[in-house]
Amino acid sequence: MGHLYFTCRVPFPATAWYPKGVKPLLWPRSLASGLTLVGLLLGGAAWAQALATPGWVRLVPPVVKDTAAYLTLENRGSAPLRLVGAETEVAQRVSIHMDHREHRGGQVVLGMRPLPHLDIPPKGKVEFRPGKYHLMLEGLRRPLKAGEKVTLVLKFQDGSRLKVILPVEMR
Amino acid sequence: MKAKPLVPILLVLGLVAVAYLLLPKGSHSFYGTRLLNPKPVDFVLEGPQGPVRLSDFQDKLVLIFFGYVHCPDVCPTTLLALKRAYEGLSPKEQERVQVVFISVDPERDTPGVSDQYAKAFNPSFLGLTGSPETIQEVARTFGVYYQKTQYRGPGEYLVDHTATTFVVKEGQLVLLFSPDKVEETEKVLGDLQALL
């Protein structure tokens with residue numbers, strides 16, 4: 001716990017310093033805030049900055065081929081941030097799901113609905129947690145083990161990516 | 001004249017004190033939803049080793065949750081809550097409690113798969129399922145709704161389902177926990193111990 005993951009979208013002149021492919025996925029905090037400062041100085045154009053606070057990947061029984069990943073995603077920038085997907089080596093596909101809740105016969109019926117994308121407003125955050133949103137890791141390539149670390153790459157509409165490392169826990 | 005307002009106040013205080021003394025001592029106020037008219041329930045479903053009848057557990061408190069295995073968010077959340085509550089009971093109490101997971105997705109979940117799924121939460125949990133017709137009948141008995149959604153192809157769909165935990169004592173449905181309530185382990189434990 002305690003690790004934060006940033007993407008840093010800065011206006012054009014600053015991004016141009018990094019050739020494509022060389023751009024690191026994970027920015028150390030000091031570097032990220034440094035670049036944010038550069039961005040501010042360079043002209044105040046709107047940008048989105050994603051910050052992820054890790055949650056966990058749910059340990060599921062080995063018979064289950066799907067699991068859920070939880071984290072908090074924050075947009076520290078001044079432009080909307082749109083999450084369009086994610087990928088991980090441990091699953092064939094990752095989809096964004098929102099929990100669905102309705103009442104039938106006086107009781108709570110639960111389910112989930114896939115979302116094509118998820119917007120995080122400027123200065124806003126979205127919590128992926130049980131009963132709210134989750135990233136569904138579909139078609140696990142192998143059973144996960146308690147305590148192992150799963151790397152997830154979040155993909156945003158602006159082309160930026162954010163790598164997050166989540167522990168596998170039974171909770 | 002000045003002392004007069006004291007009389008009614010003392011009278012009210014006296015009545016409150018009497019009412020308090022008349023309160024039944026030690027009665028448990030249930031956190032889950034208590035059924036005022038307990039409903040007789042029974043079923044025969046398929047377990048990993050053949051048919052299982054609810055009345056086989058006549059002497060136990062049976063906690064029943066309907067779900068499906070390809071459900072990574074809702075079902076584990078409740079099953080983990082049931083695991084916490086079950087593991088909070090003493091070994092003696094545990095002997096008198098049975099947690100049952102019933103898959104409403106018999107197309108994908110065989111009795112074996114349902115049971116392996118349930119046992120991953122606690123080895124004493126039991127996973128059951130049955131033919132689509134039997135599941136439909138059992139669901140109707142408990143007032144459980146389930147519906148396939150987001151159908152992408154055979155074996156690729158989601159299922160919406162009632163996420164209530166049902167508590168059966170001596171063949172009667174006596175208590176319900178909504179998916180929100182079931183997470184309050186301490187309060188669930190209190191209810192279970194009151195029923196044991």
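Apply the a/c threshold of 1.5 to the C-alpha gyration tensor of the range B:54-166 and tell me whether it is rounded, prolate or oblate.
Values: a/c = 2.05, a/b = 1.63, b/c = 1.26.
Verdict is prolate for the range B:54-166.
Per-residue Cβ counts within 10 Å, from other chains only, averaged over B:61-73: what number is that? Can you show the working numbers first?
Working: counts 0, 0, 0, 0, 0, 0, 1, 0, 6, 6, 7, 18, 18.
Shielding by partners across B:61-73 averages 4.
Modelled label positions at residue B:12 and residue B:170, each set 7 Å beyond Cα in the direction of Cβ, lie 4.4 nm from each other. Cross-linked pairs A:132/B:92; A:132/B:169; B:119/B:187; A:125/B:181: Cα-Cα separations exceed 30 Å for A:132/B:92; A:132/B:169. Note on residue A:87 and residue A:146: the model spin-label points, each 7 Å out from Cα along the C-beta direction, lie 3.3 nm apart.
Pull out a ≥ b ≥ c, the square roots of the eigenvalues of the alpha-carbon gyration tensor of chain B, then state rounded if a/c is under 1.5, prolate if not and a/b is larger than b/c, and oblate in the remaining case. Prolate.
Here's how it looks for residue A:72: its modeled amide H is under 5 Å from those of A:53, A:55, A:128, which are all 5 or more places away or on a different chain. Shielding of peptide B:6-13 by partners, expressed as the average count of other chain Cβ atoms within 10 Å per residue Cβ, is 0.
Amide H to amide H distances under 5 Å link residue B:175 with B:35, B:167, where only residues 5 or more positions off or on other chains count and H is placed in the peptide plane.
If you take the square roots of the eigenvalues of the alpha-carbon gyration tensor of the protein assembly as shown and sort them as a ≥ b ≥ c, do you get rounded (a/c under 1.5), prolate (a/b over b/c) or oblate? Verdict is oblate for the protein assembly as shown.
Sparsely packed loop sites in the range A:56-153 (the trypsin sites (Lys or Arg not before Pro) outside DSSP H, G, I, E and B with at most 10 other Cβ atoms within 10 Å) comprise A:123, A:145. Each residue of the range A:145-150 was assigned a 3J(HN,Hα) from its phi angle through the Karplus expression (A = 6.51, B = -1.76, C = 1.60, θ = phi - 60°), giving 10, 4, x, 6, 9, 10 Hz with x at Gly and Pro. What's the angle, to the nearest 10 degrees (0 to 90), between helix B:74-87's Cα axis and the longest principal axis of chain B? Tilt relative to chain B: about 60 degrees. Mean partner shielding of peptide B:157-164, defined as the number of other chain Cβ atoms within 10 Å of each residue Cβ, is 6. Projecting label points 7 angstrom from Cα along Cα→Cβ for residue B:141 and residue B:95 puts them 2.7 nm apart.
Taking amide H as placed 1.01 Å from N in the peptide plane, the amide H of residue A:49 sits under 5 Å from that of A:76, A:77, A:78, A:79, each at least 5 places away or on another chain. Given a Förster radius of 45 Å and the C-beta distance between residue A:79 and residue A:169 as r, what FRET efficiency does 1/(1 + (r/R0)^6) yield to the nearest 0.05? After rounding to 0.05, the efficiency reads 0.85.
Between 0 and 90 degrees, the angle of helix B:185-195 with respect to the longest Cα principal axis of chain B falls at about 80 degrees.
Relative to the dominant Cα principal axis of chain B, helix B:132-142 is inclined by about 0°.
Scalar couplings 3J(HN,Hα) for the range B:46-56, obtained by applying the Karplus form with A = 6.51, B = -1.76, C = 1.60 to θ = phi - 60°, are 8, x, x, 10, x, x, 10, 9, 4, 5, 4 Hz; x denotes Gly and Pro. Estimated from helical segments only, the mean residue ellipticity of chain B at 222 nm is -10500 deg cm²/dmol, where each DSSP H run of four or more residues counts as -39500 (n - 2.57).
Under the combined filter of DSSP loop state and at most 13 neighbouring Cβ atoms within 10 Å, the range A:73-171 retains these GluC sites (Glu not before Pro): A:89, A:148.
Over the range B:57-105, what per residue volume does the convex hull of the Cα atoms give, in whole Å³? Don't jump to the answer; show the numbers that get you there.
Working: hull volume 3.1 nm³, N = 49.
Per-residue hull volume (Cα only) is 64 Å³.
Every number in this text was worked out from the coordinates using simple rules, so none of it is lab data. As the structure is a prediction and not an experimental result, all values here were calculated from the model. Using ideal geometry, Cβ is built from the backbone for each residue, glycine included, and neighbour counts are taken over all protein chains shown.
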